[in-house]
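The values are calculated or read from the model by the stated rules, or taken from the named source; none is laboratory data. Everything quoted here is computed from the prediction, not taken from an experiment. Virtual Cβ from ideal backbone geometry, glycine too; neighbours counted across all protein chains shown. Just so you know, the surface numbers come from the protein's heavy atoms only, side chains and all, with ligands and any DNA or RNA stripped out. Shrake-Rupley method; radii C 1.70, N 1.55, O 1.52, S 1.80 Å.
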Amino acid sequence: MTNIKLKKTVLTVMFISLSTVGAMIKIPSFMGSIALDSLPALIAAVLLGPIAGGVTAAMGHILSSLLAGFPLGMFHGLISLEMLGLVMLFGYLYKKLKIISYLTMFIGNAFLAPLPFYFLISPTFYYTLLTPLMVGTFINIIGAYLLIRKVSPIFSRYVATGEIKG
């Protein structure tokens, strides 16, 4: 493994760890709680690239569910894959259309990601999830927006010197 790949891997694991910490910060809701596990994944998608961000989101969700006792059982695998795809899309869109990337993440995470539950469990379950997911997604996105603005200039120094490929 080259030095650059090793640094990127270590940083990705660091963001997964931060995602686990975010999973411990809970927003109470009707359906248990919504965690702040996607905030580090959004930052990782911008700083390290869409794949690293997606992996951080998927692992962050699994760890968040583990801490909550897997309340949705096997469905957490589906949610983890949805998070992987959404954060990767966010990372790709961020490079060209920053505002659109945030809007896509909000709509995707708050409305589209829980849509399978409309059919798999019940419409009531889906509608019950909407409000806490909108609040949680909004907080994650605002936090990521603010932190990306502060961290990007510092991080870009390492990308410019070739120490890390973003």
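Quick notes on this structure:
- Here Ile4 qualifies as out of contact with any Leu (no Cβ under 8 Å at 6 or more places or on another chain) and either more than 17 Å from Leu146 (Cα to Cα) or open to solvent by 20 Å² or more (accessible area, probe 1.4 Å) (or both).
- Here Tyr127 fits the description: at pLDDT below 95, more than 22 Å from Thr12 (Cβ to Cβ), open to solvent by 50 Å² or more (accessible area, probe 1.4 Å) and aromatic (Phe, Trp, Tyr).
- Among the candidates Ala144, Ala110, the residue that is within 19 Å of Ile51 (Cβ to Cβ), touching a helix residue (DSSP H, G or I) at 6+ places or on another chain (Cβ under 8 Å) and in a helix (DSSP H, G or I) is uniquely Ala144.
- The lone exception for Met24 - which of (1) without any contact (Cβ under 8 Å) to a residue 24 or more places away in the chain; (2) under 21 Å from Ile141 (Cβ atoms); (3) open to solvent by 80 Å² or more (accessible area, probe 1.4 Å) it fails: (1)
- Selected residue (only one of Ser64, Ser101 is closer than 24 Å to Lys8 by Cα, modelled with pLDDT under 95 and not β-branched (Val, Ile, Thr)): Ser64
- Some residue of region 138-156 being open to solvent by less than 60 Å² (accessible area, probe 1.4 Å), at pLDDT 95 or above, of a type in the set (Phe, Trp, Tyr) and closer than 29 Å to Ile4 by Cα: no
- Subset of region 54-107 that is out of contact with any helix residue (DSSP H, G or I) (no Cβ under 8 Å at 6 or more places or on another chain) and not in a helix (DSSP H, G or I) - its residue that is least open to solvent (accessible area, probe 1.4 Å): Gly73
- Within region 113-141, being under 19 Å from the mean Cα position of the chain (by Cα) and outside any helix (DSSP H, G or I) holds for Ala113, Pro114.
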